[in-house]
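Please read the structure below before turning to the comments.
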Amino acid sequence: MLFAQPDSFTEDEILKKVDYYNNRSRETIDFFCIGYQPKMFEPALSVVTKVNNEDWTFNPENFNNLRIEIERKTKWKYSGSVELVLFNAYIDNEDEVKFDFSDALSIDLIKAKNEQLIYSVGEMFEKIFSISETITTDNPTKEMSLKLIGNSGKKSFVDILFNLLPEAIRKDTKRIYLYGTSNYEK
């Protein structure tokens with residue numbers, strides 16, 4: 001789920017490329033832009049956004065209702081930034097989709113870019129798409145997290161503290177924090 005209110009960051013980094021992201025992700029991963037919908041479904045009080053010559057609307061009421069619902073059912077809390085929340089989803093024995101937030105990954109994309117942990121949202125999404133094509137476990141989000149952390153996750157905190165310079169410690173620690181999963185399940 002992508003929680004992104006309409007602003008210049010969201011438009012430049014995400015909405016202008018949404019068609020590419022949709023085609024690139026194929027069957028391996030689904031991103032849902034919370035609160036956004038084609039203009040033909042436009043309710044009152046919507047903000048109209050052009051995406052590849054097609055009008056999309058952002059409905060703050062729908063955005064907020066889903067935010068409330070997710071916060072009510074999980075320990076995750078929306079920061080007010082642009083957040084990508086990745087989690088596992090399964091089809092149960094009754095053919096119903098079940099969300100599993102036990103190893104959820106929440107990435108504040110503005111913070112990650114501002115702290116130079118990513119160059120762009122497109123770069124981050126490309127990593128996610130590539131990794132999702134190679135997932136081999138029954139816990140895709142955990143595997144995604146470990147692959148995003150990369151070598152940083154393979155080192156213990158003791159190794160980092162004793163073997164790296166202070167600046168490198170900060171960067172590796174931030175990377176672990178950024179890509180580590182959390183249990184948002186209630």
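The table below lists the values:
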read-out: Leading residue at positive end of dipole, region 74-117 (Cβ point charges), from Leu109, Leu86, Thr74; value: Leu109
read-out: Where region 49-153 is the region considered: accessible area per residue in Å², 1.4 Å probe; value: 53
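The values are calculated or read from the model by the stated rules, or taken from the named source; none is laboratory data. Please read all numbers here as calculations on a predicted model, not as lab measurements. Reconstructed Cβ throughout: ideal geometry from the backbone, glycine too, with neighbour counts over all protein chains shown. What goes into the accessible areas is simple: the full protein's heavy atoms, side chains included, and nothing from ligands, DNA or RNA. Shrake-Rupley method; radii C 1.70, N 1.55, O 1.52, S 1.80 Å.
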